[in-house]
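Before any comments, here is the structure.
The values are calculated or read from the model by the stated rules, or taken from the named source; none is laboratory data. These numbers were taken from a predicted model, which means no experiment stands behind them. Cβ sites come from the backbone with ideal geometry, for glycine too, and all protein chains shown count toward neighbours.
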Amino acid sequence: MLLPTKLPEVGTTIFTVMSKMAMDHNAINLSQGYPDFAVPDELLAALHRYSSEGHNQYPPMQGLPYLREQICAKLKRCYSVNCDADTEITVTSGATEALFVAIHALVQSGDEVIVFDPAYDSYAPAVALAGGQTVHIPLTNSDQRFTIDWDHVRALITPKTRAIIVNSPHNPTGSVCSKEDLEQLAELTRDTRICVISDEVYEHMYFGDSRHYSIAAHPELRARSFVISSFGKTYHATGWKVGYCVAPASFTTEFRKIHQFVTFTTHTPTQWAIADYLEHHPEHDEGLPAFYEAKRNHFLSAMKDIGFEMHASAGTYFQIADYSELSDEPDMPFVNRLTQAAGVAAIPLSPFYQHDPSHRLVRFCFAKEEATLSEAADRLRQYFHHT
């Protein structure tokens with residue numbers, strides 16, 4: 001018996017495909033975005049302690065009060081934002097769940113949602129399942145600096161436009177929205193029904209002169225936005241799947257109506273451990289920009305003289321690489337060859353576009369030990385210097 005599909009254009013995610021290929025060919029996996037180094041010792045100890053002390057039953061649907069209070073404290077510390085832990089913060093089972101719930105809280109049949117390509121691949125399927133239509137606007141690529149053309153956005157806004165999804169720091173390109181970008185977004189949505197979903201999971205990973213401007217800290221935008229972040233990225237624990245959503249009280253009410261029937265709640269001892277660590281170790285997220293900038297710089301140095309053109313990423317733990325000098329083949333065959341023949345897996349950018357881009361770009365993850373990054377570069381150098 002065959003089921004009619006609700007997502008006829010969707011297959012297995014590119015992250016799953018490339019990670020399996022990397023495993024099958026014993027390749028270094030610089031494709032999927034997860035670290036190969038440890039979660040902080042104190043956080044692991046807290047998880048063990050809270051689990052051993054019996055914190056293993058259902059927590060409140062909206063998240064532990066302790067964790068929601070610490071999220072509010074973090075928002076105050078990082079962005080000078082005051083939030084109400086009871087009415088504006090919801091803990092979720094990862095940021096992907098929060099994105100799905102926010103989209104379903106907003107989008108009804110016939111609504112349009114603007115996304116910027118290359119767009120993270122969970123956005124469009126969630127919009128489709130909610131009965132909406134995704135409007136794709138390519139980011140402008142200038143020397144691997146991907147920026148939003150706000151005139152293009154303005155031209156594509158219609159009475160059906162319900163939401164705009166923004167992502168900064170941006171996966172997969174590593175670009176970072178400016179303060180001016182937020183002002184443009186505020187001007188475009190002013191006096192409209194358009195809401196904003198802001199994906200800020202890489203909020204603590206920005207480099208050089210870049211800064212992260214959270215929409216939660218923009219009073220006008222905050223009043224019409226769901227702001228979503230992730231502890232998995234911040235604490236090197238992507239498999240723990242703990243995220244959260246910050247939204248006005250009225251938005252949060254609708255968000256929680258759906259959240260309670262998606263995952264209901266999130267792993268209890270992990271919430272306790274993160275709350276404890278967040279309270280007592282604020283230096284961790286404050287040190288992430290320098291921590292990941294050093295890894296980015298090491299990777300860029302290791303990758304010199306191979307043939308990739310790379311402009312230093314402004315944020316996230318991803319680095320875009322132009323392979324035009326190495327091959328004229330499309331990105332999917334190229335990453336297949338890298339993985340199977342060179343022993344290094346990367347992510348192609350074309351799956352993040354509605355229409356295949358004309359450029360030759362792939363994404364590497366540098367959230368790895370320096371020895372891993374060096375070995376990956378050595379494999380690539382040996383492969384391309386002998387082919």
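Within region 1-17, restricting attention to residues that are within 19 Å of Gln354 (Cα to Cα) and among the hydroxyl-bearing types (Ser, Thr, Tyr), the residue that is farthest from the chain's Cα centre (by Cα) is Thr12. State whether the residues of region 41-52 include one that is touching a residue at least 40 places away in the same chain (Cβ under 8 Å), assigned to a loop (DSSP other than H, G, I, E, B) and either in the same structural domain as Val196 (by TED's automatic domain parsing) or more than 27 Å from Val196 (Cβ to Cβ) (or both). Scanning region 41-52, I find no residue that is touching a residue at least 40 places away in the same chain (Cβ under 8 Å), assigned to a loop (DSSP other than H, G, I, E, B) and either in the same structural domain as Val196 (by TED's automatic domain parsing) or more than 27 Å from Val196 (Cβ to Cβ) (or both), so the answer is no. Would you tally the residues in region 222-257 being within 14 Å of the chain's Cα centre (by Cα), more than 18 Å from Trp272 (Cβ to Cβ) and not hydroxyl-bearing (Ser, Thr, Tyr)? Selection size over region 222-257: 5. Every condition in (1) assigned to a loop (DSSP other than H, G, I, E, B); (2) out of contact with any helix residue (DSSP H, G or I) (no Cβ under 8 Å at 6 or more places or on another chain) holds for Pro289 except the one numbered (1).
The residue list Thr252, Thr263 contains one member that is assigned to a loop (DSSP other than H, G, I, E, B) and out of contact with any Leu (no Cβ under 8 Å at 6 or more places or on another chain), which is Thr263. Helices (runs of 4 or more DSSP H) fully within region 87-195 that include at least 1 residues being over 24 Å from Thr253 (Cβ atoms) and touching a residue at least 60 places away in the same chain (Cβ under 8 Å): 123-129. Only residues that are surrounded by 14 or more Cβ atoms within 10 Å (Cβ to Cβ) and more than 20 Å from Asp117 (Cβ to Cβ): list them for region 335-364, please. Correct list: Asn336, Arg337, Leu338, Thr339, Gln340, Ala342, Gly343, Val344, Ala345.
The listed residues are Thr238, Thr265, Thr252, and the only one of them that is under 27 Å from Ala312 (Cβ atoms), modelled with pLDDT of 95 or more and not acidic (Asp, Glu) turns out to be Thr238. From the set of residues in region 339-380 that are farther than 25 Å from Ala314 by Cα and in a helix (DSSP H, G or I), which is nearest to the chain's Cα centre (by Cα)? Ranking the qualifying residues of region 339-380, first place goes to Thr339.
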